[in-house]
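Following: one structure in structure tokens, then a few remarks.
The values are calculated or read from the model by the stated rules, or taken from the named source; none is laboratory data. From a predicted model like this one, the values you see are computed outputs, not experimental measurements. Cβ: placed from backbone, ideal geometry, glycine included. Neighbour counts: every protein chain shown. Each accessible area value is taken on the protein alone, full model and side chains, heavy atoms only, with ligands, DNA and RNA left out. Shrake-Rupley method; radii C 1.70, N 1.55, O 1.52, S 1.80 Å.
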Amino acid sequence: MTFTAFFLIVFSAVLHASWNLVAKRSSMSLSFYTLIGVAACTIWLHVQFWTPVNVLALPTMFYVFLFCSICFDLCYCLGLVRAYRTMEMSTAYPMMRSLPILLTAAVTSLSGWGEPLRPLAICGMAVVFLGCMMMPLQDFSHFKLKDYFNSKLFFIFLVACGTTGYTVFDKLAQDIFCSAYPELSKPVLSLTFYSTRSISLVTLLLIVVMIYPGELKNMKNILCRQKRMALLAGLFASFTYTTVLLAMNYVSNVSYVQVFRQLGLIFGMAGGILILKERCSAPKLCGVSLILSGLAMTVLK
């Protein structure tokens with residue numbers, strides 16, 4: 001992993017935790033997520049007018065990967081909405097961010113995509129996962145395996161599957177971009193893809209909002225009362241994923257991107273404690289230490 005990729009992912013992690021904090025405080029809903037998407041799409045829409053990439057001329061497989069990506073993003077959205085309605089951020093966020101680590105590593109390894117992961121890197125990912133799973137605990141004496149297997153876990157798993165799916169398919173779609181336009185710079189390709197992806201995702205989300213009972217009315221209420229919060233979250237979210245897409249061009253295996261995005265857990269936990277006034281427990285501090293140790297293991301040669 002290059003220093004450029006590391007810097008981009010850390011920056012993205014801060015922004016990701018920030019927009020999740022805004023969403024949690026604003027009563028996350030499908031309509032709110034859609035407005036976040038609309039804001040992000042509007043911010044980067046200008047790219048479509050100056051990019052040299054002819055999106056309509058790209059191979060059919062690009063559209064297949066793009067469609068799969070936005071479908072997984074919709075799963076991510078639905079899981080996120082339900083998770084934040086029923087759980088605290090300090091509990092939901094660590095689990096939602098930890099599960100995709102192993103899922104992405106499993107998918108890329110089984111599919112043979114990217115450079116094979118080193119044994120030490122795999123161990124590091126496992127340590128990160130263990131640290132993430134410790135953070136929701138109130139104290140060590142109350143650890144019960146059944147606490148991780150309840151009705152709420154389905155929504156966490158849905159978020160994790162969504163994150164894994166759109167990460168993998170976005171990487172595949174970007175590879176087509178790079179192959180079709182090898183002479184263009186990586187930032188231009190990444191911004192073009194993000195702009196194209198945003199338009200597609202927002203279109204799908206708006207369709208779902210219009211057919212989902214009560215969501216259209218909810219969107220109108222959000223526009224009246226929380227449009228500034230939605231705009232702020234959209235700004236953070238858009239820069240979050242554009243930096244991730246750019247970072248994908250500087251790694252040999254997309255699993256490394258997934259691992260280092262977990263740095264957002266530290267910022268998310270800090271936001272939960274300082275802003276949402278959630279409890280700072282010993283397992284959370286221990287979990288952060290394990291996460292940092294695991295991240296170090298993934299980059300050791």
Notebook entry, point to check: Does ILE101 satisfy the condition of being part of a helix (DSSP H, G or I) and open to solvent by 10 Å² or more (accessible area, probe 1.4 Å)?
Noted result: no
Check: So VAL64 clears everything in (1) of a type in the set (Val, Ile, Thr); (2) at pLDDT below 90; (3) under 24 Å from CYS161 (Cα atoms); (4) surrounded by fewer than 19 Cβ atoms within 10 Å (Cβ to Cβ) except one condition, right? Which one?
Finding: (2)
Item checked: Only listed residue being out of contact with any strand residue (DSSP E or B) (no Cβ under 6 Å at 6 or more places or on another chain) and open to solvent by 20 Å² or more (accessible area, probe 1.4 Å), chosen from ASN20, ASN54 -> ASN54
Next item on the list: Can you run down the residue pairs with Cβ atoms below 9 Å, 6 or more apart or on separate chains, where the first is in segment 69-91 and more than 24 Å from PHE267 (Cβ to Cβ) and open to solvent by less than 30 Å² (accessible area, probe 1.4 Å) and the partner is hydroxyl-bearing (Ser, Thr, Tyr) and assigned to a helix (DSSP H, G or I)?
Entry: SER69/TYR166; SER69/THR167; SER69/SER200; ILE70/TYR166; ILE70/SER200; ILE70/THR203
Check: Is there any pair linking a residue in segment 17-31 that is under 15 Å from MET96 (Cα atoms) and in contact (Cβ under 8 Å) with a residue 40 or more places away in the chain to one that is of a type outside the set (Gly, Ala, Ser) and not in a helix (DSSP H, G or I), with Cβ under 7 Å and at least six apart or on different chains, and which?
Finding: LEU21/ILE275
Margin query: I'd like the full set of residues that are over 19 Å from the mean Cα position of the chain (by Cα) and closer than 14 Å to TYR93 by Cβ, limited to segment 121-135.
Written below: MET134
Next item on the list: Give the residues of segment 108-129 that are of a type outside the set (Asp, Glu), surrounded by fewer than 18 Cβ atoms within 10 Å (Cβ to Cβ) and more than 21 Å from LEU290 (Cα to Cα), sorted by residue number.
Entry: SER109, LEU110, SER111, GLY112, TRP113, GLY114, PRO116
Notebook entry, point to check: Is it the case that PHE49 is out of contact with any Cys (no Cβ under 6 Å at 6 or more places or on another chain), free of Cβ contacts under 8 Å to residues at least 24 places away in the same chain and farther than 27 Å from ALA270 by Cα?
Noted result: yes
Note to self: Suppose we keep only residues that are open to solvent by less than 10 Å² (accessible area, probe 1.4 Å) and touching a Pro at 6+ places or on another chain (Cβ under 7 Å) within segment 237-269. Which one would you say is modelled with the highest pLDDT?
What the structure shows: LEU265
